[in-house]
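Read the structure below first, then the notes.
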Amino acid sequence: MNLSYWEWHSYFKHIDIIVIGSGIVGLSAAIHLKTNKPDLQVTVVERGILPSGASTRNAGFACFGSVSELLDDLSHQPEAVVFNLLEKRWKGLQKMKNDLGVDNIHYQALGAYELFKNSDDALFEQCLEKIDFLNTMIKDITGEQQTFSLRNKEIQTFGFQKIKHLIYNKSEGQIDTGAMMKALLQKAKTLGIEILNGITITNIQQEEKFVLLKTANNWNIKIAKVLIATNGFTKKLLPQLELQPARNQVLITKPIPNLLLKGCFHYNRGYVYFRNIHNRILLGGGRNINPKQEQTDAFGTTEDIQQYLINLLKTHFLPNQSFEIDRWWSGILGVGSSKATKTPETPKTPIVKKLSDKIAVAIRLGGMGVAIGMLVGEEGAALLLEN
């Protein structure tokens with residue numbers, strides 16, 4: 001189906017820059033472009049009715065890394081890389097709160113806990129030994145002398161079973177993901193940014209004087225500059241980039257009377273996470289138990305990971321308490337090779353670079369989109385503003 005003259009003239013003729021992807025990164029990039037150059041005609045195209053990757057499908061953790069996750073990173077990457085990225089996550093969280101407003105994103109500074117089961121003694125001892133080191137390394141970032149601390153006394157408070165240790169992070173919090181995305185969308189629309197849904201870009205071609213975008217419905221769109229902000233789906237457009245999609249499966253229970261949980265909770269190097277939202281438990285992750293299967297950009301759920309997450313609820317997180325699952329869903333992350341495949345770690349730093357003078361990418365958020373998405377979007381936009 002070809003574009004009519006009216007469609008082309010009204011929606012595409014006068015665009016200066018197209019941003020592909022309307023998640024946190026894409027909207028933040030468009031807002032940065034329009035704020036810095038108000039005369040630019042900026043359009044965001046999105047394949048879904050809603051942002052269809054991870055931005056509206058995550059758990060809403062305002063986090064920068066549990067102790068075991070940071071130690072895992074340090075085992076594969078230089079200290080400077082790990083702590084520079086942690087600082088970027090921290091600054092990104094502060095930016096989100098400042099730019100969108102804590103009330104608009106429903107931010108709650110409740111802290112976060114990392115859980116260790118009875119069988120996790122070796123991992124816990126490694127983490128305990130490094131708490132002072134981590135606190136020292138990040139005190140100038142968080143402004144806290146003691147970001148991480150041991151909080152075993154709260155195990156019974158939360159009603160956990162067969163959980164032996166808790167490490168608390170006082171500097172993390174949580175948001176309402178839907179409210180955050182609505183705030184970003186509203187800001188973009190207020191600036192006059194056009195957002196077109198239902199457009200799937202299937203091919204990007206660099207021509208001498210323009211970029212040619214081809215869509216799933218056979219439209220050919222010629223544009224001056226393009227920013228690709230499709231994170232885990234970028235592999236289809238740019239297979240040469242060092243990026244893998246990774247699916248995270250998520251459940252939420254029906255409301256549970258007298259639910260004791262308060263704060264965010266991490267388990268197993270960040271691969272499992274859960275929280276209380278509206279007196280329900282939202283629980284997700286587990287892709288590490290079947291990494292090859294979950295290295296996909298196909299939405300869906302699988303029986304093995306569903307059973308794994310339900311067993312964690314029954315055995316450890318909600319023992320001796322009945323619950324019903326309300327719904328399941330999945331989100332698609334963009335990661336380096338290690339998180340999805342357990343091969344030697346590639347840097348978890350996002351890929352933000354120019355592929356040409358007309359095309360830039362801002363992708364590979366490593367499951368930390370809430371923390372770094374707005375900064376990554378701005379960095380990608382800044383590349384296109386360069387002469």
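The values are calculated or read from the model by the stated rules, or taken from the named source; none is laboratory data. If you're wondering where the values come from, they're calculated on a predicted model, not measured in any experiment. Neighbour counts run over all protein chains shown; Cβ positions are idealised from the backbone, glycine included. Surface areas here come from the heavy atoms of the whole protein model, side chains and all, with no ligands, DNA or RNA. Shrake-Rupley method; radii C 1.70, N 1.55, O 1.52, S 1.80 Å.
Some observations on this one:
- In this structure Val81 has an accessible area near 50 Å², from a 1.4 Å probe over the protein heavy atoms.
- Length added when fully stretched, Ala179-Lys214, from 0.36 nm per residue minus Cα-Cα: 9.4 nm
- Pairs spanning more than 22 Å between alpha-carbon atoms, out of Lys139/Lys164; Lys225/Lys354; Lys214/Lys348; Lys164/Lys262: Lys139/Lys164; Lys214/Lys348.
- Förster-model FRET efficiency, 41 Å R0, Ile289 and Lys222, C-beta, rounded to 0.05: 0.35
- Each Lys or Arg adds one and each Asp or Glu subtracts one; over the other residues with Cβ under 14 Å from the Cβ of Lys37, this totals -2.
- Here the spin labels are modelled as points 7 Å beyond Cα on the Cα-Cβ line, and at Asp16 and Thr302 they lie 4.6 nm apart.
- Here segment 208-234 is scanned for amide nitrogen atoms under 13 Å from the site 7 Å beyond the Cα of Asp357 along Cα-to-Cβ, giving 208-211, 225.
- Compared with the dominant principal axis of the Cα atoms in the chain, helix 24-36 is inclined by about 50°.
- Extension reserve of the Lys37-Lys236 stretch, reckoned as 0.36 nm per residue once the Cα distance is removed: 68.6 nm
- His278 accessible area, 1.4 Å probe, all protein chains in place, Å² to nearest 10: 130
- Principal-axis tilt of helix 303-312 within the chain, Cα atoms, nearest 10 degrees: 40
- Accessible surface ranking that places the most exposed of Glu125, Glu172, Glu154 first, with a 1.4 angstrom probe: Glu125, Glu154, Glu172
- Net charge over other residues, Cβ less than 11 angstrom from the Cβ of Asp99 (K, R count +1; D, E count -1): +2
- Checking (i) 17.9; (ii) 30.5; (iii) 19.4 against mean projected area of the Cα convex hull in nm² calculated from these atoms, the matching label is (iii).
- Solvent-accessible area per residue for segment 265-387 (1.4 angstrom probe, square angstrom): 39
- Under 12 Å, Cβ to Cβ, from Lys88 - net charge with Lys/Arg +1 and Asp/Glu -1: +1
- Within the chain, DSSP assigns beta bridges of which about 70% are antiparallel (rounded to the nearest 5).
- Share of carbon and sulfur in the accessible heavy-atom surface of segment 224-299 [1.4 Å probe, %]: 51
- Test item: Cα-centred dipole of the chain, Lys/Arg +1 and Asp/Glu -1 on Cβ, debye: 580
- For segment 298-334 and segment 124-194, distance of Cα centres in Å: 22
- The stretch between Gln146 and Val102 holds 13.5 nm of extra length on full extension. This uses 0.36 nm per residue minus the Cα-Cα distance.
- Scanning residues 5 or more positions from Ser55 or on other chains, those with amide H under 5 Å from its amide H are Ile24, with H placed 1.01 Å from N in the peptide plane.
- Extreme residue, positive dipole direction of segment 234-387, given options Ile351, Ala382, Leu259 (C-beta unit charges): Leu259
- On the basis of the beta-carbon distance and an R0 of 45 Å, Asn203 and Lys314 show a calculated FRET efficiency of 0.45.
- Solvent-accessible area of Glu194, all protein chains in place: 80 Å² (probe radius 1.4 Å, heavy atoms, ligands and nucleic acids excluded).
- Only helices enter the 222 nm calculation for the chain: every DSSP H run of n ≥ 4 contributes -39,500 (n - 2.57), and dividing by all residues gives -9500 deg cm²/dmol, rounded to 500.
- The order of Lys117, Lys34 by accessible area, most exposed first and with a 1.4 Å probe, is Lys117, Lys34.
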